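Just below is one structure, and these are the notes that go with it.
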Amino acid sequence: MLCAVLLMSLFCGCTAEEKSGSEELRVGVLLFNEDDLFISSMKQEIDKCFRRKEKEEGCRITVSFSDSMGSQTTQNEQIDTFIKRGYDVLCINLVDRTDAAAIIDKGKKADIPIVFFNREPVSADLSRWSKIYYVGTDASEGGRLQGEIFLDYYKKYPERIDKNGDGIIQYVLLEGEPGHQDAAIRTESCIKKIQEGGVEMYRLAGANANWRLNQGKEKMEGWLTEFGNEIEVVISNNDAMALGALDAMSASQWSDIHIEVVGMDGIEEALLAVKDGRMMGTVMNDAQGQAEVIAKIAYKLGRRETPENMQDMNDRVVRVPHDKISAEMLR
Ligand code: GAL
């Protein structure tokens with residue numbers, strides 16, 4: 001802390017006396033890419049939670065966000081700057097989740113604790129220091145709930161899904177980034193759940209669309225041209241790519257085609273699509289719940305206190321539960 005105050009005086013031009021006695025807590029929040037729809041909703045929620053915390057605790061909290069724009073090199077430089085400026089705690093949404101070791105070592109050297117979120121460091125990295133936490137979700141739970149949404153819907157409206165009536169569901173798959181903990185695991189557990197429900201699945205095609213709406217749209221355009229009405233369902237690792245698939249299907253040449261889509265995240269545009277029947281459902285990736293946990297842990301760590309154990313916390317990892325969202329729930 002003292003070191004942080006001295007560094008502050010070097011970089012901000014304020015003296016140690018000016019800083020001492022001040023109740024200000026400075027939090028640096030680094031986002032892997034602010035263009036990402038879910039991450040931009042997390043940014044808003046994180047900001048709200050710290051504002052609330054400020055009122056509850058009667059302590060000034062300065063939250064500085066930086067956008068790493070998909071570059072780990074840029075993020076490393078931003079981390080260096082926060083460390084030099086003596087921030088009290090960092091909340092990091094890694095660009096490359098396998099690249100946490102050097103960052104943790106920097107935090108440890110400067111004694112600046114870190115709360116990682118959304119992009120999960122490997123467990124060997126998390127055990128490098130006791131002032132490292134991770135806040136995210138359980139990817140396999142998310143995929144399983146997508147599978148349940150599919151099964152519930154299929155039971156109610158089999159003819160809307162199995163259009164050719166062959167008892168096998170022909171699907172296309174929009175996957176997130178390769179190597180992201182939420183991509184392959186969501187896919188695997190969604191398909192497994194559906195198969196365990198006694199439904200045979202046949203994969204027509206699948207591709208990584210990197211969580212992006214425009215890439216989801218592009219992939220879907222190609223599949224519509226190749227398979228047309230043969231596609232019975234689109235399984236998407238997130239809502240942005242699912243919305244891209246809906247965009248592709250809204251082109252006039254596909255007006256006769258009906259394909260069900262399931263997404264994940266619960267972003268606003270997807271909730272609207274579920275409500276008005278353009279999507280069969282989505283799974284709530286609870287941005288608000290995760291932001292609350294991040295703010296709670298970061299506040300304690302920043303004040304050099306140990307965060308108390310909380311529900312869903314295990315070895316400094318908190319996995320906030322998901323929820324299913326169907327049209328009936330929104331009407
Ligand atoms: C996932 C989320 C995606 C994307 C990704 C970024 O959890 O479902 O939409 O935001 O994180 O890391």
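The values are calculated or read from the model by the stated rules, or taken from the named source; none is laboratory data. Just so it is clear, the model here is predicted, and its values are computed rather than measured. Quick reminder, even Gly has a Cβ in these numbers, built from the backbone with ideal geometry, and neighbours come from all protein chains shown. Heavy atoms of the whole protein, side chains included, go into the accessibility calculation; ligands, DNA and RNA do not. Shrake-Rupley method; radii C 1.70, N 1.55, O 1.52, S 1.80 Å.
Only one of T81, T74, T98, T62 is outside any strand (DSSP E or B) and closer than 19 Å to A298 by Cα. Can you tell me which?
The unique qualifying residue is T81.
So the check is Cβ under 9 Å with 6+ separation or different chains; which pairs have a first residue in the stretch 237-255 that's farther than 30 Å from S140 by Cβ and a second one that's modelled with pLDDT of 95 or more and of a type in the set (D, E, K, R)?
S250/R278; A251/E221
Can T81 be described as assigned by TED's automatic domain parsing to the domain that holds S130 and more than 19 Å from P121 (Cα to Cα)?
Considered against the rule, which asks whether it is assigned by TED's automatic domain parsing to the domain that holds S130 and more than 19 Å from P121 (Cα to Cα), T81 comes out as yes.
Out of all the residues in the stretch 110-134, which are within 13 Å of the ligand (Cβ to nearest atom) and under 18 Å from Y87 (Cβ atoms)?
Passing the criteria: F116, F117.
Just give me the residues in the stretch 253-311 being within 16 Å of the ligand (Cβ to nearest atom), within 20 Å of K163 (Cα to Cα) and not in a loop (DSSP other than H, G, I, E, B), in sequence order.
Selection gives V261, V262, G281.
Just one of the numbered conditions (1) open to solvent by 40 Å² or more (accessible area, probe 1.4 Å); (2) of a type outside the set (V, I, T); (3) part of a helix (DSSP H, G or I) is not true of F38; which one?
Tallying (1) open to solvent by 40 Å² or more (accessible area, probe 1.4 Å); (2) of a type outside the set (V, I, T); (3) part of a helix (DSSP H, G or I), F38 fails exactly one: (1).
What do you reckon, is L243 of a type in the set (A, V, I, L, M, F, W, C), assigned to a helix (DSSP H, G or I) and open to solvent by 10 Å² or more (accessible area, probe 1.4 Å)?
yes
How about the stretch 220-240: which of its residues are more than 24 Å from Y157 (Cα to Cα) and touching a helix residue (DSSP H, G or I) at 6+ places or on another chain (Cβ under 8 Å)?
Selection gives E221, A240.
So, in the stretch 101-130, exactly how many residues are within 22 Å of the chain's Cα centre (by Cα) and of a type in the set (D, E, K, R)?
The number of residues fulfilling the criteria is 3.
Please work out which one of (1) surrounded by fewer than 16 Cβ atoms within 10 Å (Cβ to Cβ); (2) among the aromatic types (F, W, Y); (3) within 16 Å of the ligand (Cβ to nearest atom) is the condition W211 fails and give its number.
Evaluating W211 over (1) surrounded by fewer than 16 Cβ atoms within 10 Å (Cβ to Cβ); (2) among the aromatic types (F, W, Y); (3) within 16 Å of the ligand (Cβ to nearest atom) leaves (1) as the failure.
What is the number of the single condition among (1) open to solvent by less than 20 Å² (accessible area, probe 1.4 Å); (2) in contact with a strand residue (DSSP E or B) (Cβ under 8 Å, 6 or more places away or on another chain); (3) assigned to a helix (DSSP H, G or I) that V29 does not meet?
(3)
What's the number of the condition V234 fails, among (1) part of a strand (DSSP E or B); (2) without any contact (Cβ under 8 Å) to a residue 60 or more places away in the chain?
Tallying (1) part of a strand (DSSP E or B); (2) without any contact (Cβ under 8 Å) to a residue 60 or more places away in the chain, V234 fails exactly one: (2).
Restricting to the stretch 312-331, and then to whatever is in a loop (DSSP other than H, G, I, E, B) and without any contact (Cβ under 8 Å) to a residue 60 or more places away in the chain, can you tell me which residue is most open to solvent (accessible area, probe 1.4 Å)?
R331
Which of the numbered conditions does I194 fail, given that it passes all the others? Conditions: (1) surrounded by fewer than 19 Cβ atoms within 10 Å (Cβ to Cβ); (2) more than 13 Å from the ligand (Cβ to nearest atom).
(1)
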